[in-house]
Amino acid sequence: MKNICKRTLCAALALGMALLPAGATNWGLWYGNGLHQPPNGEDTVQTLAKYGAYYMGSADEKTLYLTFDCGYENGNTAKILDTLKKQHVPGAFFVVGDYLKTAPALVRRMGDEGHLVGNHTNNHPNMSKVGKARFTSELTAVSSQYRQLTGRSIAPFYRPPEGSYTYDNLSWAQSLGYHTTLWSVAYADWDPASQPSYASAKQTIRARAHNGAIILLHAVSSTNAAILNDLISGWKAEGYTFKALSALPGIKNPTVNALPNDAAFAVGESRAAFTAFLIDDANYIKLRDAAAALSGTEKAFAVTYDAASDSVQLSRGGAYEALGTELSGMRDAAVVQAGAGSQSITLDGEALTLKSYLIDDANYVKLRDLAQALDCGVAYDNATRAVVLDPAAKYTAE
């Protein structure tokens, strides 16, 4: 009987391989390298890198990348988003066309709360079996629907359904601006009718986690929704940090995590609803928020932006012209991705050395750097988490 079963299984595998187009790959992993060690995949990191594709990040960094495949919605995604917000951890959600149509509120929430939304194709076909025209239409249909729904551009990350691809697929995706994104940690979680126990799921996922792991979890899994908080807490206790896919090694202009900042900001004795973030434990505020809040004080400054040179000119004493988007307060997000700020920021024609990042297309600057440049007093009260800019005082170093 065992020999009959073995022959049947081998025949099925041979038939499956025969049906695959020449050069096609069905992504698989071999976890035989030991606990917490990167697995071997069907292709190497180096081979995938030729196409801007990934299955893991750097094995030298104690970093994890959480990704979720969203084929359809069955009540677990909101719980996953709640956990990511509680833990201030970024995620990437790979959506198909039907998910955009049937769960628009959740898709908007993903982007609103600072997560990346990636492309999982419109109809979820085996992409190794389609030609270039169909391949292109599958990706562009999702990106167009996402922009129509949210007003945002879809993140430049594409996950092939079932992990099936050809080298032509990788090249086509790259030409469309996408990084094909596979995974180095996964387990059998995709069938809602056959969910693993919490204990076995946590044991399997924790054992397979490794430096630089791209972790694939299916959003339809009730087990994933239930254990995610424990998984993240355990990984944090082990010293792992969490990054977005946009921070993968080799990505042009990689991002950093910016945590929404609920500190009590004030200018003099007046509260100021700065939109602020914590980056590496330092306060970063929207540059235009600072200009609006200091308008009418002795430290007022005007802001001029030159799109052609991607530069910002600040002028002491100038009248600030409001855009109507300033001082909106804390961003209700899990974590937001910050990229490189404008190429140059000058004050009265002199280049500033203040650190800056771009978040939601706006320049955010390190508060203490800006206060020093303006010679504006700044004080912190760690007990109350109050941050006060004092235009009547001079800047003093910490």
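Once R0 is set to 45 Å, what does the formula 1/(1 + (r/R0)^6) return for the Cβ-Cβ distance between ASP306 and GLU42, expressed as a FRET efficiency to the nearest 0.05? Write out the running numbers ahead of the final one.
On the way: r = 48 Å, r/R0 = 1.07.
With a Förster radius of 45 Å, E is 0.40.
For PHE93, the residues whose amide H sits under 5 Å from its own are PHE68, LEU116, VAL117, GLY118, ignoring neighbours fewer than 5 places away on the same chain, with H placed 1.01 Å from N.
I need the shape label for segment 107-196. Rule: rounded when a/c is under 1.5, else prolate if a/b > b/c, else oblate, with a, b, c from the alpha carbon gyration tensor. Here segment 107-196 falls in the oblate category. In straight-distance terms, cross-link reach from LYS132 covers every one of the lysines whose alpha-carbon lies under 26 Å from its own, apart from those fewer than eight places away in the same chain; here that gives LYS50, LYS101, LYS252. Need one word for segment 297-398: rounded, prolate or oblate. Basis is the Cα gyration tensor (sqrt eigenvalues a ≥ b ≥ c); a/c below 1.5 gives rounded, then a/b vs b/c decides. It is oblate, given that a/c is not under 1.5 and a/b is not larger than b/c.
For ASN76, no residue whose modelled amide H falls within less than 5 Å of its own remains once neighbours fewer than 5 places apart on the same chain are excluded. With a simple spin-label model that places each label point 7 Å from the Cα along the Cα-to-Cβ direction, the separation between ASP280 and ALA207 comes to 3.9 nm. Just to confirm the filter: which GluC sites (Glu not before Pro) across segment 162-269 are DSSP coil and have at most 15 other Cβ within 10 angstrom of their Cβ? Answer in residue order: GLU238, GLU269.
Projecting label points 7 angstrom from Cα along Cα→Cβ for SER144 and GLU321 puts them 3.7 nm apart.
Compute the Cα gyration tensor for segment 327-385, then decide on rounded, prolate or oblate, letting a ≥ b ≥ c be the square roots of its eigenvalues: rounded whenever a/c is under 1.5, prolate when a/b is larger than b/c in the other cases, and oblate in all that remain.
Working: a/c = 2.47, a/b = 1.12, b/c = 2.20.
Taking the square roots of the gyration eigenvalues as a ≥ b ≥ c, segment 327-385 is oblate.
Projecting the Cα atoms of HIS36, ALA49, THR83 onto the dipole axis of segment 36-114, where Lys and Arg carry +1 and Asp and Glu carry -1 at the beta carbon, places THR83 farthest toward the positive end. In this simple spin-label approximation, GLU398 and ASP332 carry label points 7 Å from Cα along the Cα→Cβ vector, and these lie 3.1 nm apart.
Per-residue Karplus couplings for segment 209-220, computed as 6.51 cos²θ - 1.76 cosθ + 1.60 with θ equal to phi - 60°, are listed in order as 5, 7, 4, x, 5, 9, 9, 9, 10, 8, 5, 7 Hz, Gly and Pro entered as x.
Each residue of segment 297-302 is assigned a 3J(HN,Hα), and the resulting list reads 9, 5, 10, 5, 8, 8 Hz, derived from the Karplus form 6.51 cos²θ - 1.76 cosθ + 1.60 (θ = phi - 60°), x at Gly and Pro. For the cross-link pairs LYS243/LYS355; LYS202/LYS366; LYS236/LYS355, the ones whose C-alpha atoms lie over 30 Å apart are LYS202/LYS366.
Helices that extend 20 Å or more along their long axis by alpha-carbon positions and average at least 0.5 on the Kyte-Doolittle scale are, among the DSSP H runs of the chain, 2-19.
Once you charge only the Cβ atoms, +1 for Lys and Arg and -1 for Asp and Glu, what is the size of the charge dipole of segment 105-229 about its Cα centre, to the nearest 20 debye? Please report the intermediate quantities before stating the final value.
On the way: 11 positive and 7 negative charges, 27 e Å.
Using only the charged Cβ atoms, the result is roughly 140 debye.
Scalar couplings 3J(HN,Hα) for segment 303-317, obtained by applying the Karplus form with A = 6.51, B = -1.76, C = 1.60 to θ = phi - 60°, are 10, 10, 10, 10, 5, 4, 9, 6, 10, 10, 10, 9, 10, 4, x Hz; x denotes Gly and Pro.
Taken together, the values in this text are just the output of simple stated rules run on the coordinates, not laboratory data. Just so it is clear, the model here is predicted, and its values are computed rather than measured. Here the Cβ is made from the backbone with ideal geometry for all residues, glycine too, and neighbour counts use every protein chain on show.
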